[in-house]
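Colleague: There's a structure below that I have some questions on.
The values are calculated or read from the model by the stated rules, or taken from the named source; none is laboratory data. Note that this is a predicted model, so its numbers are computed, not measured. In this analysis, Cβ positions are derived from the backbone assuming ideal geometry, glycine residues included, and neighbour counts consider all displayed protein chains. We work out accessible area using only protein heavy atoms, side chains counted, and drop any ligands, DNA or RNA first. Shrake-Rupley method; radii C 1.70, N 1.55, O 1.52, S 1.80 Å.
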Amino acid sequence: MAAAARTYLDYNASAPLLDDARNAMLDVLNRHGNASSVHGEGRQMRKAIETARAQVGKFVGVAAKQVIFTSGATEAAVHALSPILRAGEHEIKIGCLYISAIEHACVLSGGRFAAGNAVPIPVTSGGAIDLDALDHLLGNHDHELGPPMVAIMLANNETGVIQPVREAAGIADKYGAYLVVDAVQAGGKIPISMPELRAHFLILSGHKLGGPQGTGALILADPSIYPAPLLLGGGQENHHRGGTENTAGIAGFGAACRWHMDNEGGLAKIRAMRDVLEAGIRQVSLELGNKVPQPVIFGESENRICNTSCFALAGIKAETALISLDLDGIAVSSGAACSSGKVKHSHVLAAMGIEDDLIAGALRISFGWQSRDADVERFLAAWKKLVKKRS
Ligand code: PLP
């Protein structure tokens, strides 16, 4: 089937490149020069980077100088999760890392902390971080070891559940903890204000919001407090990250952020499509009679980002559904995308206390700016066919 005829409902895995991002990248790719060079060619490249830095900063409500460009959110997470922070001449040794149980693997791995040293923060059955548990964990933190660091996400990539980051920031503040917030899946789906979130470090990824793959940022709340650099080299990114910049990628990432600031109005339409899809899968079960159970929509009781629906229908395996939908020209995902291409058991749903059988059937549908009502109709027709076969 030709690519154009397909229905892409996997924006949370990677979103299609926005035209504005493509144009900004082409503009850079058609030039040459190193942004560190003093000649005109180099200065043009520097200008592209600094324009993007201002765009990304504005996108999350901070100044350009707070933005460090990276090769993606994974690098930004490993950079941020450092047992050593620097504050001017001083070093701050972090005593212990606390990570919510539903983080993306790049945060869950604990970055540069010794393996197995991170303490998990449990979540509720609705998929939101358990604030009482966080308070309890930090209340028992041994401050002799150094201040704690807490890592939580703003929106979960599988369920779309928006996390109570502001409340968590209040708790972190009470215990003198440094707060790292992965805002990757929130970008372009809810407005992000880093000052309001009161995060010390914020993580973004370009390709989840219509910028190019292989771009991202680590954003500092206070430029004088920063993690020890991960990549040493030629002093780029204000000595935070050595290496010649990915100028075209950075320009595309900045342009994507600007596009979202100009197009927030499109989110209501995306939410409406998600809601029609969820009503539709319930209707399919009703129409097929009492042999077919109702789908379970994970995180439904919580506040969710507008584009994401994660659900399972007992008796339908995610692997079977993915293949069948793909043959019908529809790209969706099972819970989290896995690098091996295999469907893996979701640690997010497991942390929410969902039974294994349902986890094995979890599908994630994620919409975006190119999604149309016809995509929902096509999905529902294919879903009905699939559920009918099961019944
Ligand atoms: N954090 C979240 C919540 C994600 O969903 C992802 C990608 O799926 C990442 C981090 C990693 O992003 P990147 O692909 O830019 O390394």
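Colleague: Got a number for residues in segment 193-211 being within 12 Å of the ligand (Cβ to nearest atom) and open to solvent by 10 Å² or more (accessible area, probe 1.4 Å)?
Modeller: First pass over segment 193-211, keeping only residues within 12 Å of the ligand (Cβ to nearest atom): 202-209, 211.
With open to solvent by 10 Å² or more (accessible area, probe 1.4 Å) added as a condition, the list becomes 207-208.
Residues that pass the stated criteria total 2.
Colleague: Now for a different question. If L179 satisfies every condition in (1) open to solvent by less than 40 Å² (accessible area, probe 1.4 Å); (2) part of a helix (DSSP H, G or I) but one, which is the exception?
Modeller: (2)
Colleague: Still on this model: Could you list, in sequence order, the residues of segment 41-63 that are open to solvent by less than 30 Å² (accessible area, probe 1.4 Å) and without any contact (Cβ under 8 Å) to a residue 24 or more places away in the chain?
Modeller: Listed by number, the list holds a single entry, G42.
Colleague: Kindly list, by first and then second residue, each pair from a residue in segment 16-34 that is more than 24 Å from L209 (Cα to Cα) to a residue that is of a type in the set (S, T, Y) and outside any helix (DSSP H, G or I), limited to pairs with Cβ atoms under 8 Å and residues at least 6 apart or on different chains.
Modeller: Between residues of segment 16-34 that are more than 24 Å from L209 (Cα to Cα) and residues that are of a type in the set (S, T, Y) and outside any helix (DSSP H, G or I), the close pairs are N34/T244.
Colleague: For segment 221-239: of the residues being closer than 30 Å to P16 by Cβ and in contact (Cβ under 8 Å) with a residue 24 or more places away in the chain, which is most open to solvent (accessible area, probe 1.4 Å)? Give the steps one after another, and end with the answer.
Modeller: Narrowing segment 221-239 to residues closer than 30 Å to P16 by Cβ: 230-231, 236-237.
Add one more test, that the residue is in contact (Cβ under 8 Å) with a residue 24 or more places away in the chain, and what stays is 230, 236-237.
Working: L230: 62, Q236: 24, E237: 16 Å².
Out of the qualifying residues, it is L230.
Colleague: Can you tell me which residues in segment 321-350 are modelled with pLDDT of 95 or more, surrounded by fewer than 21 Cβ atoms within 10 Å (Cβ to Cβ) and either part of a helix (DSSP H, G or I) or of a type in the set (K, R) (or both)?
Modeller: Residues satisfying the conditions are L322, I323, S324, D326, L327, H347, A350.
Colleague: Would you call G116 open to solvent by 10 Å² or more (accessible area, probe 1.4 Å), on the phi > 0 side of the Ramachandran plot and in contact (Cβ under 8 Å) with a residue 12 or more places away in the chain?
Modeller: no
Colleague: Can I ask one more? So, in segment 96-113, of the ones that are open to solvent by less than 20 Å² (accessible area, probe 1.4 Å) and of a type in the set (A, V, I, L, M), which residue ends up nearest to L145 (Cα to Cα)?
Modeller: L97
Colleague: Which residues, counting only those in segment 165-183, are more than 19 Å from N140 (Cα to Cα) and away from the ligand (no atom under 16 Å from the Cβ)?
Modeller: Kept after step one, since they are more than 19 Å from N140 (Cα to Cα), are these residues of segment 165-183: 165-166, 180-183.
The answer is R166, and nothing else.
Colleague: Select from segment 284-319 the residues that are farther than 18 Å from S366 by Cα, in a helix (DSSP H, G or I), in contact (Cβ under 8 Å) with a residue 12 or more places away in the chain and open to solvent by 50 Å² or more (accessible area, probe 1.4 Å) and list them in ascending order.
Modeller: Once the filter is applied, which keeps residues that are farther than 18 Å from S366 by Cα, in a helix (DSSP H, G or I), in contact (Cβ under 8 Å) with a residue 12 or more places away in the chain and open to solvent by 50 Å² or more (accessible area, probe 1.4 Å), segment 284-319 yields E287, K291.
Colleague: I'm told T74 meets every condition in (1) open to solvent by 70 Å² or more (accessible area, probe 1.4 Å); (2) of a type outside the set (F, W, Y); (3) within 16 Å of the ligand (Cβ to nearest atom); (4) closer than 29 Å to G329 by Cβ except one. Can you identify the failing condition by its number?
Modeller: The number of the failed condition is (4).
Colleague: Is it the case that some residue within segment 139-161 is open to solvent by 10 Å² or more (accessible area, probe 1.4 Å), within 16 Å of the ligand (Cβ to nearest atom) and touching a residue at least 60 places away in the same chain (Cβ under 8 Å)?
Modeller: Yes, because at least one residue in segment 139-161 is open to solvent by 10 Å² or more (accessible area, probe 1.4 Å), within 16 Å of the ligand (Cβ to nearest atom) and touching a residue at least 60 places away in the same chain (Cβ under 8 Å).
Colleague: Then there is this: So is I190 among the hydrophobic types (A, V, I, L, M, F, W, C), open to solvent by 20 Å² or more (accessible area, probe 1.4 Å), touching a residue at least 60 places away in the same chain (Cβ under 8 Å) and away from the ligand (no atom under 12 Å from the Cβ) or not? Walk me through how you get there before you give the answer.
Modeller: Numbers: among the hydrophobic types (A, V, I, L, M, F, W, C): yes; open to solvent by 20 Å² or more (accessible area, probe 1.4 Å): yes; touching a residue at least 60 places away in the same chain (Cβ under 8 Å): yes; away from the ligand (no atom under 12 Å from the Cβ): yes.
Here the answer is yes, as I190 does meet what is asked.
Colleague: Right, something else. Can A168 be described as open to solvent by less than 10 Å² (accessible area, probe 1.4 Å), at pLDDT 95 or above and within 17 Å of I305 (Cβ to Cβ)?
Modeller: So A168 fails the test.
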